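Have a look at the structure below, then the notes.
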């Protein structure tokens with residue numbers, strides 16, 4: 001059977017690094033993203049929309065089952081509590097949480113039939129609490145709850161489910177919002193015990209561990225890949 005990996009939001013940043021890792025492993029990689037990509041098979045879709053997501057999943061599965069899934073797509077919607085709109089809350093839920101449920105449901109039959117599956121949910125250190133992240137933190141904490149629940153439900157089918165909580169990662173979007181020479185960026189870097197920002201490849205390495213066939217005795221876990229930032233009591 002051809003081993004196939006689906007990465008949502010895989011056109012750039014962390015998702016792209018995970019897709020590249022999958023290709024290096026010899027897996028067939030499918031990327032669903034709002035933007036096209038040159039990695040693997042690219043399917044363009046608006047993953048915040050139920051119907052668009054369903055069409056993308058149908059296209060992804062038309063060439064065979066998918067036994068590895070990384071629910072990576074997400075968006076932040078930053079705002080203080082008093083200004084966080086209910087529309088933003090719904091948008092965050094749709095993209096960060098509902099999409100993960102829908103994509104997992106879409107590939108589940110193929111995993112069950114194969115007796116093998118690896119699911120990685122991309123949470124965030126914000127799930128532990130972070131200012132200006134009401135909508136985002138709620139959705140990312142929800143992914144941790146889903147991870148633990150699915151691990152209990154699917155373990156006997158040979159399917160593992162784990163989550164990753166990235167710390168500050170030097171993606172293009174992060175660096176655009178946090179210029180390298182800005183005081184805020186310097187403060188973030190100084191708060192990280194290992195003394196640097198993470199790279200997308202740091203997250204891809206962790207995801208690759210969970211996706212590996214040999215990682216079948218690890219499920220329901222959340223790994224914070226944060227340079228030690230979450231060890232403290234006051235994450236930046």
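What do you reckon, is residue 10 under 18 Å from the mean Cα position of the chain (by Cα) and either under 26 Å from residue 87 (Cα atoms) or modelled with pLDDT of 95 or more (or both)? Before the answer, list the steps.
Details: under 18 Å from the mean Cα position of the chain (by Cα): yes; either under 26 Å from residue 87 (Cα atoms) or modelled with pLDDT of 95 or more (or both): yes.
Here the answer is yes, as residue 10 does meet what is asked.
Kindly indicate the residue of the range 74-83 that is part of a loop (DSSP other than H, G, I, E, B) and out of contact with any helix residue (DSSP H, G or I) (no Cβ under 6 Å at 6 or more places or on another chain) and also nearest to residue 97 (Cα to Cα) among those meeting that condition.
Ranking the candidates gives 78 first.
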Checklist entry - When you scan the range 200-220, how many residues do you find that are surrounded by 13 or more Cβ atoms within 10 Å (Cβ to Cβ) and in contact (Cβ under 8 Å) with a residue 60 or more places away in the chain? => result 13
Checklist outcome for this item: Matching residues in the range 136-157 (under 16 Å from the mean Cα position of the chain (by Cα) and touching a residue at least 12 places away in the same chain (Cβ under 8 Å)) number 13
Item to check | Condition met for residue 126 (under 26 Å from residue 230 (Cβ atoms) and touching a strand residue (DSSP E or B) at 6+ places or on another chain (Cβ under 6 Å)) | outcome: yes
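Within the range 38-49, identify whether any single residue is touching a helix residue (DSSP H, G or I) at 6+ places or on another chain (Cβ under 7 Å) and farther than 26 Å from residue 114 by Cβ, and answer yes or no.
yes
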Checklist outcome for this item: Within the range 84-97, residues touching a helix residue (DSSP H, G or I) at 6+ places or on another chain (Cβ under 6 Å), crowded, with 18+ Cβ neighbours inside 10 Å and outside any loop (DSSP other than H, G, I, E, B) come out as 88, 92, 96, 97
Item to check | Residues of the range 4-14 that turn out to be out of contact with any strand residue (DSSP E or B) (no Cβ under 7 Å at 6 or more places or on another chain) and either crowded, with 21+ Cβ neighbours inside 10 Å or in a helix (DSSP H, G or I) (or both), as a count | outcome: 1
Item to check | Top-ranked residue of the range 41-52 - restricted to ones that are touching a strand residue (DSSP E or B) at 6+ places or on another chain (Cβ under 8 Å) and touching a residue at least 24 places away in the same chain (Cβ under 8 Å), ranked as nearest to residue 15 (Cα to Cα) | outcome: 42
Checklist entry - Can you name the residue in the range 15-38 that is in contact with a strand residue (DSSP E or B) (Cβ under 6 Å, 6 or more places away or on another chain) and farther than 16 Å from residue 59 by Cβ and, of all such residues, is surrounded by the most Cβ atoms within 10 Å (Cβ to Cβ)? => result 18
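Residues checked against (1) over 20 Å from residue 142 (Cβ atoms); (2) in a helix (DSSP H, G or I):
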site: 2; (1), (2): yes, no
site: 20; (1), (2): yes, yes
site: 66; (1), (2): yes, no
site: 69; (1), (2): no, no
site: 107; (1), (2): no, yes
Checklist entry - Take the residues of the range 40-56 that are within 15 Å of residue 70 (Cα to Cα) and part of a loop (DSSP other than H, G, I, E, B): which is farthest from the chain's Cα centre (by Cα)? => result 40
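The values are calculated or read from the model by the stated rules, or taken from the named source; none is laboratory data. Please read these numbers as outputs of a predicted model, since none were measured by experiment. Cβ atoms come from the backbone with ideal geometry, glycine included; neighbour counts cover every protein chain shown.
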